[in-house]
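All remarks here apply to the structure that follows.
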């Protein structure tokens with residue numbers, strides 16, 4: 001756990017970059033520091049490993065003030081990744097990752113094993129990447145190596161200053177998702193600095209919004225989106241914060257799990273019975289063996305046709321359903337585009353698992369956040 | 001690609017025309033009745049009416065035909081071969097002709113001319129022919145590079161003409177030329193002057209390296225000193241070398257008269273004062289009005305310069321004398337030993353460094369590396385102490401004057417000090433630039449990972465700045481070879497002796513005798529340092 005206690009950073013010219021900051025970062029959580037430039041977020045982060053000195057107050061790491069250890073020793077226990085990546089261009093990937101383990105005098109076998117393990121973890125093939133130099137890698141690969149290097153000596157705490165800032169938006173999304181998966185496995189305590197609110201919402205277990213050296217609001221992404229504490233936060237998170245909130249919730253948590261359906265081989269009599277049973281105006285048609293969604297049929301259509309197949313609207317599930325692991329925001333987008341008031345929900349094989357109504361989404365958007373249980377704060381599984 | 005260089009090789013056409021023009025219009029050889037009298041020039045076509053030598057002219061025209069060959073690979077090799085042949089034959093054929101010319105010397109001159117010891121001088125056509133041959137070769141090499149020829153092939157292509165020329169030179173084929181006659185008679189002195197020249201450059205470069213990197217580092221680290229240091233070394237560079245010798249003359253002569261113990265006491269006292277001033281002025285900086293702050297810095301800098309300068313003057317001069325006496329007073333086997341040791345150090349550092357990286361676990365490689373280093377350092381120290389002992393030559397401490405250490409107004413002391421000063425600008429500037437160019441984000445990440453300032457310097461800043469620092473070393477080394485020639489004016493010896501003598505007696509062959517070895521020294525030195533740079537620079541930051 002990291003604890004800021006009345007931390008102040010004042011420069012000789014009197015400028016207070018950080019002003020009585022109190023903040024607790026819980027074990028195993030990602031705490032995102034965010035705010036407009038000059039708000040003191042990077043300064044706060046850099047005071048943790050004493051790249052910037054504290055003017056007054058203290059920072060406790062697991063209860064110990066961070067100025068008790070010799071500064072180099074402290075830094076070697078804290079992973080560090082920055083936007084410009086800072087890979088040493090004259091060292092191979094393997095040497096870069098091995099920097100902190102070497103500083104800690106690990107034996108060479110252990111270092112080599114650790115390097116390969118980390119390369120695997122960040123999705124790079126050790127045999128191909130190990131002996132390359134940074135300039136032989138793409139931007140995304142370099143960022144991955146940067147993350148691997150920060151994890152080098154398996155530090156319990158990591159400081160990340162816009163670690164995915166130097167790549168294109170598509171690669172950034174991939175890296176973010178990958179990093180969340182890694183975090184699920186390693187469970188580090190992470191201070192993550194960014195200026196991108198979407199990144200903060202996606203990555204943060206908690207978000208600390210700062211302004212002019214002071215902490216304005218510190219809460220979970222959902223609470224911040226639902227209850228911005230003041231106008232500054234509301235403006236900062238943006239006017240589309242309702243949509244952003246929807247982006248935090250998985251469909252799986254909103255859908256009804258008993259969809260009205262019958263199988264492809266049903267007779268029209270059996271299908272009619274379904275309409276009665278579910279008291280629905282349309283029912284979904286699924287494959288009789290694996291329950292893959294095949295289409296739907298409206299009550300009116302069935303009346304005029306003798307066979308179910310003739311009455312049925314047939315389509316591939318990709319075009320008419322949403323996946324249960326998609327976010328509510330994605331579902332809303334799909335439903336608006338398709339003109340649906342109700343949409344089938346499928347698993348990743350296309351098997352029908354539930355339905356979602358537009359009304360459920362509306363309810364969520366205007367709803368008290370305390371009642372919603374966002375699954376793992378938007379971490380994709 | 002009409003008109004592009006893919007169709008024809010324009011460079012070689014130029015070379016061919018230059019060589020042919022030279023052979024057609026310019027005198028090839030000059031025969032003089034004796035070394036100093038004016039002589040008769042001979043054109044290529046006038047040589048005894050012997051048509052053999054016309055072949056040279058025809059050869060010069062051959063690239064004109066080859067250059068239009070469109071198959072680039074074939075054209076490249078044809079041009080390379082012709083260029084090399086042209087270089088080789090331009091040296092060899094006139095030498096053959098010269099033999100006939102000398103035999104018939106009596107018939108050439110007017111009646112009554114005193115012919116004693118007639119000499120053959122190479123004339124302008126040979127220089128132009130060599131230049132043309134080299135340009136043809138260069139054009140061919142460009143084609144080879146475009147054909148992506150391997151390093152070995154390129155090396156072979158660029159050097160076999162020179163290798164053949166060296167072979168005939170050693171074999172005595174060129175002994176007819178006056179410059180070689182001079183070499184015959186002055187060869188021993190030439191060797192000694194060459195060694196002097198080499199040691200001058202070596203010691204000045206080594207001293208400059210230590211001072212230059214220290215100053216460059218200081219300038220890069222300390223914003224207050226940045227301007228002072230860069231201006232100071234820049235100003236040194238603008239002082240003409242002759243003036244610098246003059247400026248050094250009086251103080252060095254005075255210094256030479258002092259006894260060692262006096263100077264040593266003065267050194268200690270001035271050092272204490274300077275260090276005290278430096279720290280006190282540094283501490284009270286913030287309490288002083290900002291107007292006089294820069295002056296306190298300059299004052300403490302100048303105060304510090306006195307003892308440090310004194311130490312350097314004595315150290316460098318004495319070091320030079322010691323190294324020199326190792327070279328001059330030892331026999332060949334000792335010099336070979338020295339070269340062998342230097343070689344062992346480089347090989348040990350490189351080979352073991354690489355394998356240390358690869359096979360992390362092998363401890364004995366580390367042991368071996370340190371053993372070799374220790375033995376080599378020990379042997380070098382013994383050799384240098386021997387040399388130093390010869391310089392002091394058994395003086396007791398009471399009798400020892402600074403002059404006994406080699407410091408005097410003229411001769412080697414001002415020369416080596418001036419050379420060291422001249423080497424500073426490229427070294428300081430490149431060290432400063434190299435260190436300043438290291439991406440701050442990289443240093444920040446090193447700090448953030450818990451590297452100590454020392455580790456950051458040796459593992460990050462130095463390796464990244466190395467190519468730029470090395471460029472400064474090469475720059476300094478080459479210019480030192482040139483400046484060292486001037487040192488002869490104040491009696492420091494070196495290859496400048498021949499050049500000065502040649503200028504004073506207007507004999508080109510003596511000038512060449514001094515200039516050619518200097519040029520060779522510069523080229524070899526640069527090539528060696530380039531090789532070293534390539535070996536020591538990480539592939540991750542090498543130019544591609």
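The values are calculated or read from the model by the stated rules, or taken from the named source; none is laboratory data. Only a predicted model underlies this, so the values are computations on that prediction, with no experimental measurement involved. Here Cβ is always computed from backbone atoms with ideal geometry, including for glycine, and neighbour counts include all displayed protein chains.
Could you please find all residues in segment A:118-138 being more than 10 Å from chain B (Cβ to nearest Cβ) and surrounded by 15 or more Cβ atoms within 10 Å (Cβ to Cβ)?
If the condition is that a residue be more than 10 Å from chain B (Cβ to nearest Cβ) and surrounded by 15 or more Cβ atoms within 10 Å (Cβ to Cβ), then A:118, A:119, A:121, A:122, A:123, A:124, A:126, A:129, A:130, A:137 are the ones that fit.
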Quiz prompt | In segment B:501-544, the residues that are surrounded by 12 or more Cβ atoms within 10 Å (Cβ to Cβ), outside any helix (DSSP H, G or I) and within 14 Å of chain A (Cβ to nearest Cβ) | solution = B:537, B:538, B:542
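Pick out the one residue from B:487, B:492, B:476, B:515 that is in the same structural domain as residue B:416 (by TED's automatic domain parsing), touching a residue at least 40 places away in the same chain (Cβ under 8 Å) and within 14 Å of the chain's Cα centre (by Cα).
On the way: B:487 fails: within 14 Å of the chain's Cα centre (by Cα); B:492 fails: within 14 Å of the chain's Cα centre (by Cα); B:515 fails: touching a residue at least 40 places away in the same chain (Cβ under 8 Å).
Unique residue meeting the criteria: B:476.
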Quiz item: So which of B:126, B:99 ends up being closer than 19 Å to residue B:182 by Cα and surrounded by 21 or more Cβ atoms within 10 Å (Cβ to Cβ)?
Solution: B:126
Self-check item: Per-region count, segment A:108-117, residues at the interface with another protein chain (Cβ under 8 Å from one of its Cβ atoms) and either closer than 15 Å to residue B:447 by Cβ or out of contact with any helix residue (DSSP H, G or I) (no Cβ under 6 Å at 6 or more places or on another chain) (or both)
Solution: 3
Quiz item: Quick one: residue A:60 ticks every box in (1) part of a strand (DSSP E or B); (2) within 9 Å of chain B (Cβ to nearest Cβ) bar one, so which box is it?
Solution: (2)
Practice problem: Report, by residue number, each residue of segment A:91-102 that is in contact (Cβ under 8 Å) with a residue 12 or more places away in the chain, more than 7 Å from every other protein chain (Cβ to nearest Cβ) and part of a helix (DSSP H, G or I). | Solution: A:93, A:94, A:96, A:97, A:101
Self-check item: Residues of segment A:140-191 satisfying the condition of being touching a strand residue (DSSP E or B) at 6+ places or on another chain (Cβ under 7 Å) and more than 14 Å from every other protein chain (Cβ to nearest Cβ)
Solution: A:156, A:183, A:188, A:189, A:190
Quiz item: Which of the residues that make up segment A:297-356 are farther than 17 Å from residue A:259 by Cα, over 28 Å from the mean Cα position of the chain (by Cα) and in a helix (DSSP H, G or I)?
Solution: A:300, A:301, A:302, A:303, A:304, A:308, A:309, A:310, A:311
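When you go through B:206, B:220 one by one, which is the residue that is part of a helix (DSSP H, G or I) and closer than 19 Å to residue B:483 by Cα? Walk me through it before giving the result.
On the way: B:220 fails: closer than 19 Å to residue B:483 by Cα.
Residue meeting the stated conditions: B:206.
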Quiz item: Take the residues of segment B:421-455 that are under 27 Å from residue B:208 (Cβ atoms) and surrounded by fewer than 17 Cβ atoms within 10 Å (Cβ to Cβ): which is farthest from the other protein chains (Cβ to nearest Cβ)?
Solution: B:436
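Out of everything in segment A:67-83 that is surrounded by fewer than 21 Cβ atoms within 10 Å (Cβ to Cβ) and either within 25 Å of residue A:148 (Cβ to Cβ) or touching a strand residue (DSSP E or B) at 6+ places or on another chain (Cβ under 6 Å) (or both), what residue ends up being nearest to the other protein chains (Cβ to nearest Cβ)?
At the first step, the residues of segment A:67-83 found to be surrounded by fewer than 21 Cβ atoms within 10 Å (Cβ to Cβ) are A:67-74, A:77, A:83.
Adding the requirement that they be either within 25 Å of residue A:148 (Cβ to Cβ) or touching a strand residue (DSSP E or B) at 6+ places or on another chain (Cβ under 6 Å) (or both) leaves A:69, A:71-74, A:77, A:83.
Details: A:69: 10, A:71: 8, A:72: 5, A:73: 7, A:74: 7, A:77: 8, A:83: 8 Å.
Across segment A:67-83, the extreme among qualifying residues is A:72.
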Self-check item: Residue match in segment B:464-471 (condition: within 14 Å of the chain's Cα centre (by Cα), surrounded by 15 or more Cβ atoms within 10 Å (Cβ to Cβ), farther than 30 Å from residue B:37 by Cβ and touching a residue at least 40 places away in the same chain (Cβ under 8 Å))
Solution: yes
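Out of curiosity, is residue A:185 more than 11 Å from the chain's Cα centre (by Cα), surrounded by fewer than 19 Cβ atoms within 10 Å (Cβ to Cβ) and touching a residue at least 40 places away in the same chain (Cβ under 8 Å)?
yes
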Quiz item: Across segment A:221-235, what is the total count of residues that are in contact (Cβ under 8 Å) with a residue 40 or more places away in the chain and in contact with a strand residue (DSSP E or B) (Cβ under 6 Å, 6 or more places away or on another chain)?
Solution: 1
Exercise. Can you confirm whether segment B:106-122 contains a residue that is within 20 Å of residue B:17 (Cα to Cα), touching a residue at least 24 places away in the same chain (Cβ under 8 Å) and assigned to a helix (DSSP H, G or I)?
Key: no
Practice problem: Return yes when residue A:86 is in contact with a strand residue (DSSP E or B) (Cβ under 7 Å, 6 or more places away or on another chain) and either facing chain B (nearest Cβ under 9 Å) or surrounded by 21 or more Cβ atoms within 10 Å (Cβ to Cβ) (or both) and no when it is not. | Solution: no
Quiz prompt | Sole residue being more than 30 Å from residue A:216 (Cα to Cα), part of a loop (DSSP other than H, G, I, E, B) and at pLDDT 90 or above, chosen from A:69, A:118, A:88 | solution = A:88
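Going by the conditions given, is residue A:23 more than 9 Å from every other protein chain (Cβ to nearest Cβ), surrounded by fewer than 21 Cβ atoms within 10 Å (Cβ to Cβ) and closer than 25 Å to residue A:164 by Cβ? So that I can check it myself, show each step before the final result.
Working: more than 9 Å from every other protein chain (Cβ to nearest Cβ): yes; surrounded by fewer than 21 Cβ atoms within 10 Å (Cβ to Cβ): yes; closer than 25 Å to residue A:164 by Cβ: yes.
Yes: the conditions hold for residue A:23.
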Quiz prompt | Elements of type helices (runs of 4 or more DSSP H) in segment B:289-395, at least 3 residues being surrounded by fewer than 17 Cβ atoms within 10 Å (Cβ to Cβ) and either modelled with pLDDT under 70 or in contact with a strand residue (DSSP E or B) (Cβ under 7 Å, 6 or more places away or on another chain) (or both) | solution = B:332-358, B:363-392
